[in-house]
Amino acid sequence: MISWPCIFKLDSDSELMYLGSEARLKTELDDLIWDSSDRLIDSKGYCYVVKTEGDSYVFEPENVQLSLFSVTQLIQEHEFSKAEVCLTKIQFSSIEEALRALSLEM
């Protein structure tokens, strides 16, 4: 079961998309060009592959759970690509806190 909020990580890009709900994710997926190599990462660090079945989306869990360190690195790369924040200041006490920090950008 997906733990919200989540981030969507495009494989070929440093940009992350904050997603507070499954409804928001489905809206973004409808409007986004995405690939099977992109990943949904939930607030516990679990990764999911997004697939389509007919007109609906399916989120298949991978046997991968990212650590807080790995999620922090993704967020640091995201922020570095925007060149707006000092990377050494980006630290979190949990993955959920890290993902919620991205919600402030929206």
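The values are calculated or read from the model by the stated rules, or taken from the named source; none is laboratory data. From a predicted model like this one, the values you see are computed outputs, not experimental measurements. Virtual Cβ from ideal backbone geometry, glycine too; neighbours counted across all protein chains shown. What goes into the accessible areas is simple: the full protein's heavy atoms, side chains included, and nothing from ligands, DNA or RNA. Shrake-Rupley method; radii C 1.70, N 1.55, O 1.52, S 1.80 Å.
What order do Tyr57, Tyr46 take when sorted by accessible area (1.4 Å probe), most exposed first?
Tyr46, Tyr57
If the cut-off is 12 Å between C-alpha atoms, which aspartates and glutamates fall inside it for Lys26, apart from same-chain ones fewer than 8 positions away?
Answer for Lys26, where 12 Å is the Cα cut-off: Asp55, listed by chain and number.
Quick one: plug the Kirkwood hydrodynamic radius of the chain (C-alpha pairs) into Stokes-Einstein at 10 °C, 1.306 mPa s, and report D in µm²/s.
Details: Rh = 14.0 Å.
D = 113 µm²/s.
Taking a quarter of the surface of the Cα convex hull of the stretch 19-61, what do you get in nm²?
Orientation-averaged projected area of the Cα hull: 3.0 nm².
Report, in whole Å, the centroid distance computed from the Cα atoms of the stretch 1-33 and the stretch 39-77.
Spelled out, the Cα-based centre of one part sits 9 Å from the other.
Just to make sure I understand: if all protein chains stay in place, what is the order of Ser12, Ser67 by accessible area at 1.4 Å, largest first?
Working: Ser12 115, Ser67 55 Å².
The ordering from most to least exposed comes out as Ser12, Ser67.
Taking all protein chains as present, what is the carbon and sulfur share of the accessible area of the chain, in % to the nearest whole number, probe 1.4 Å? Please list the in-between numbers first.
Values: 3120 of 6320 Å².
Reported share for carbon and sulfur atoms: 49 percent.
In Å², what does the accessible area per residue of the chain work out to with a 1.4 Å probe?
Roughly 60 Å² per residue, with all protein chains present.
What number, in percent, do you get for the relative contact order of the stretch 1-83 if the mean sequence gap of Cα pairs under 8 Å and at least 6 apart is divided by its residue count? Provide the component values of the computation, followed by the final result.
Details: 118 pairs, mean separation 22.2, N = 83.
The value is 27 percent.
Quick one: if you stick a label point 7 Å off each Cα along the C-beta vector at Glu62 and Lys44, how many nm between them?
With each label placed 7 Å out from Cα toward Cβ, I get 1.8 nm.
Accessible surface of Phe69 in the full protein assembly, 1.4 angstrom probe, to the nearest 10 Å²?
We get 140 Å² for Phe69.
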